[in-house]
Amino acid sequence: MDLRGRSADLPLHAMSRWYDFGTVLPRGGELIRLRRFPEDTPPYFGVFDVAAGRAVSTVGSGWEWVTPWASLTHWSVLHGAPGAWPLAVVAAATWRDPFWSPPADGQHVWLRRFHRDTASLPASWVCAEQAYAVAGTTWLLPWHLVWKWKPR
């Protein structure tokens, strides 16, 4: 076993299972698939910075999405390209993932923090902060803490 908890004789690309960030860490600079909390959010991709304790996902024209370690649950090897970003939206009223289908800067949205048992909150997307400004408050809710959003 190497220091990352993997067998040294098994190549990394041959593994397809999910690893917990609390027990096995990816190699530095390696583009990987990520899973985050809240549950039921789709996997996305990024590079995990062990020293900083965060994942950075570079998309579009150099835009970087940052996810702190505490919001990440699992990682796995990314086989092939990460996929097109952003994803095309099928219907105007559908719930959308904040990473794969982000709102336009300043767009008014409904958001949900968790899949079940949380109310839809009115908010607007603040692109520079990577957060949603919750209407009627001074609160900013970071993108990675949002389950889904839809236009208001």
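Within the stretch 131-152, the set of residues being under 19 Å from the mean Cα position of the chain (by Cα), in contact (Cβ under 8 Å) with a residue 40 or more places away in the chain and within 20 Å of VAL89 (Cα to Cα) comprises TRP143, HIS144, VAL146, TRP147, LYS148, TRP149, LYS150. Might you let me know whether the stretch 102-116 holds any residue that is crowded, with 18+ Cβ neighbours inside 10 Å and aliphatic (A, V, I, L, M)? Yes, the stretch 102-116 contains at least one residue that is crowded, with 18+ Cβ neighbours inside 10 Å and aliphatic (A, V, I, L, M). When the stretch 32-59 is limited to residues that are surrounded by fewer than 16 Cβ atoms within 10 Å (Cβ to Cβ) and over 29 Å from THR118 (Cβ atoms), the one that is farthest from the chain's Cα centre (by Cα) turns out to be ALA51.
Okay, residues lined up against (1) outside the structural domain of PHE37 (by TED's automatic domain parsing); (2) within 12 Å of the chain's Cα centre (by Cα):
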{"site": "PRO68", "(1), (2)": "no, yes"}
{"site": "LEU72", "(1), (2)": "no, yes"}
{"site": "ALA93", "(1), (2)": "yes, no"}
{"site": "PRO102", "(1), (2)": "yes, yes"}
{"site": "TRP110", "(1), (2)": "yes, no"}
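Is it fair to say HIS144 is in a helix (DSSP H, G or I) and either surrounded by fewer than 17 Cβ atoms within 10 Å (Cβ to Cβ) or not aliphatic (A, V, I, L, M) (or both)? Yes, satisfied.
The values are calculated or read from the model by the stated rules, or taken from the named source; none is laboratory data. Please read these numbers as outputs of a predicted model, since none were measured by experiment. Note that each Cβ is placed from the backbone with ideal geometry, even for glycine, and that neighbours are counted across all protein chains shown.
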